[in-house]
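What follows is calculated from the coordinates using simple rules that are stated; it is not laboratory data. Since the structure is predicted, the reported quantities are computational estimates derived from the model, not experimental observations. As a convention, Cβ positions derive from the backbone with ideal geometry for all residues, glycine included, and neighbour counts pool all protein chains shown.
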Amino acid sequence: MQAAVAGLKSMFLVIERSGERVARYAHNVERVINVPQQAAALLAVLMLRGPQTTGELRVNCERLHRFADIPAVEALLNELTEGAMVTELPRQPGSRESRWMHLLSGAPAVQPSPAADLAAESPSLGISELAAVKANVARLEAEVRELKDLLAKVHAQLGIK
């Protein structure tokens, strides 16, 4: 614990408060990276919890800073984007909102969406391949009909409804 505190003190991210029997420390990150307290709250939550939507950020920052509404969070995120501290990730398929991520440890590795992977793996079928697939489906449907008829006969012989 003391090594962690010493490391943070060497980077001036915490300062020791005096006048008490026990050593107490205060955050100093706002002054070091020159951001307001609400921006430090957003960055802290992004570092701790990873990429999140604006609604999730508003709720998860509640104990550090209370934002009036989601547009207030978006406005601050846009300011932090200009300062290259956060970035908006591309919206994933199936999600309603895009997520935000901090850039304090470098640029994120963008993950390709699963739909893009599927499209890359299965190229479009040609006309002859499509005809072959349709013929195969028709054959399988006929086979299923035959099996249903056979099963109905077996049920009738055994007296099962």
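At-a-glance table
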{"read-out": "Sole exception among (1) of a type in the set (S, T, N, Q); (2) surrounded by fewer than 15 Cβ atoms within 10 Å (Cβ to Cβ); (3) assigned to a helix (DSSP H, G or I) for residue 105, by number", "value": "(3)"}
{"read-out": "Pair list, Cβ < 6 Å and 6+ apart or interchain, from region 135-161 residues that are without any contact (Cβ under 8 Å) to a residue 60 or more places away in the chain to residues that are of a type in the set (A, V, I, L, M)", "value": "none"}
{"read-out": "Single residue of 59, 5, 73 found to be of a type in the set (A, V, I, L, M), in contact with a Ser or Thr (Cβ under 7 Å, 6 or more places away or on another chain), on the phi < 0 side of the Ramachandran plot and in a helix (DSSP H, G or I)", "value": "73"}
{"read-out": "Any hit, region 25-46, residues being free of Cβ contacts under 8 Å to residues at least 12 places away in the same chain, under 20 Å from the mean Cα position of the chain (by Cα) and outside any helix (DSSP H, G or I)", "value": "no"}
